[in-house]
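Just so it is clear, none of the values below were taken in a lab; they were calculated from the coordinates. Since the model is a prediction, treat every value here as computed from it, not as a measurement. FYI the Cβ positions are ideal-geometry reconstructions off the backbone, even for glycines, and counts take in every protein chain you see.
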Amino acid sequence: MSTDTKAPTPATSTPQPDSVVYVERIGNVAYQLQEQQLDVFNDVTLWNDNPRLIPHLGGETGALDEAGLEASLAQTPGYSGLKKSVLDIGQLEPVYVWKGATMSKYLVFEGSTRVTILREISREENGTPKAGTHRRVRAKILPPNFPLDHRVILLARIHVRGSGVRTWGRYIEAKFIYDATEGRAGEGAVLSVSDLANYMGKSPSWVSRLRDAYKFALQYVEHIDAKDVNVHGQAAEYFSTLEEIIKSSGFGPKLKGGSEEAEKLRSEVFDMVSAGVFKEYRDARYMREFFEDAEKWAQLKSHEKDIAHRLANELKAGNSTAKARIHSLHDQIARTMTQEDESIGAPELEELHKCVDLMESKLAGDVGIFRMKARAFAQALTSASLEDLLSLTQDDFLTMKTGFEDLTDRLQKRASWWPKA
């Protein structure tokens, strides 16, 4: 992008098309937003708290001037592709702008990248027959009294529920969620987890997990904080790994809290992440297995690059047998049910019983399926509550009574251990 931030000379004004009014529900209000054509240099200013810039500015948003914001936006993913699209087919969607009573220019809440691209193209076209062609941006005008919680809802709707180049990525989503539900420095929470989840089109558990993952990432930022490191950029780069670590079953909870043990363990883990021992975030799914194996944990602490990837592959190879998969089945189901936060019904339970029947058909001959089931039944009887017993029908009881009478008769005749008369 050109470093010349001076606005080109305006082209001769051309008649604007009839204004369009959009009716949009944001929060609990149906707004009528008028579309206007605004000059990208004279009428609008970029938002210096734009969440998209966090990984590029080390979290220090609000510190750049207009030229610095443009330069930073030009580094964001999808910039060149969006510029080509604007050149080929023009601006497809309006941006959102807002101006308070004391402001001289509209603040671009959503669409800063498009405004930056139009400015860049206008500078490139200055002095050519195309001068002024890309100088105006279509914008939806938000009302002067547009509240903060509706700004959060608007951005969540676009960048979290949306798709394509407009999505933020998980680290920025997580910070956005954290700021909205926990509050930024000196500010209170804007929305509850459940309300934000509703506007995002996500479950409250999804929102809570991402918020907690960002809290963990903040601890990582504090741990590696150094003047020569863009800590937020590094946290964004490793965020998927950090998220996997903190939610890992049997290990993640050990990292929480302010105990000396938790702090020591967090320090070890953060050093591993910073050193690059995880080649990809999926390697962190084996943190419990790594931690419970002293040799593997020592290898991770050696900070050999990508060592977790090799150890994870070794574990996966060892888990490829039927026996290994059966042993890990309980944890997999428990983890999935926790993540999806839903209950199961009779059909799912029936499928699990089919799996049990299949495994029982492969039991070693000396184990005895009937004996295992008899023990399980006896245990169920002795541990049953009064409420469980009273839930039985008369038919249930008579069926069991008939079965016990038949069992007693057959054992009395055949079992060598049965007391003789």
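A DSSP coil position with no more than 14 other Cβ atoms inside 10 Å describes the following trypsin sites (Lys or Arg not before Pro) in segment 383-421: K420. Note that segment 90-104 has calculated 3J(HN,Hα) couplings of x, 7, 7, 10, x, 8, 10, 10, 9, 9, x, 4, 9, 9, 8 Hz, one per residue in order, obtained from phi through the Karplus relation 6.51 cos²θ - 1.76 cosθ + 1.60 (θ = phi - 60°); glycine and proline are x.
What's the whole-number percent of alpha carbon pairs in segment 206-257 lying beyond 14 angstrom?
Tail fraction, whole percent: 51.
For a straight C-alpha distance cut-off of 22 angstrom, the lysines reachable from K401 (same-chain residues fewer than eight places away being disregarded) are K373, K413.
Would you work out the charge dipole size for segment 155-301 about its Cα centre, treating the Cβ of every Lys and Arg as +1 and the Cβ of every Asp and Glu as -1, and quote it to the nearest 20 debye?
Roughly 640 debye, rounded to the nearest 20.
Taking each of K175/K254; K296/K354; K84/K140; K247/K316 in turn, the alpha-carbon distance tops 25 angstrom for K296/K354.
Among the GluC sites (Glu not before Pro) in segment 74-131, which ones are in a DSSP loop with at most 13 other Cβ atoms within 10 Å of the Cβ? Mind listing them? If you can, show how the numbers build up before the last one.
Details: sites: E110, E120, E124, E125; in loops: none.
Of the GluC sites (Glu not before Pro), not one in the loops of segment 74-131 has a Cβ with at most 13 other Cβ atoms within 10 Å.
Note that segment 84-202 shows a convex hull volume over its alpha carbon atoms of 136 Å³ per residue.
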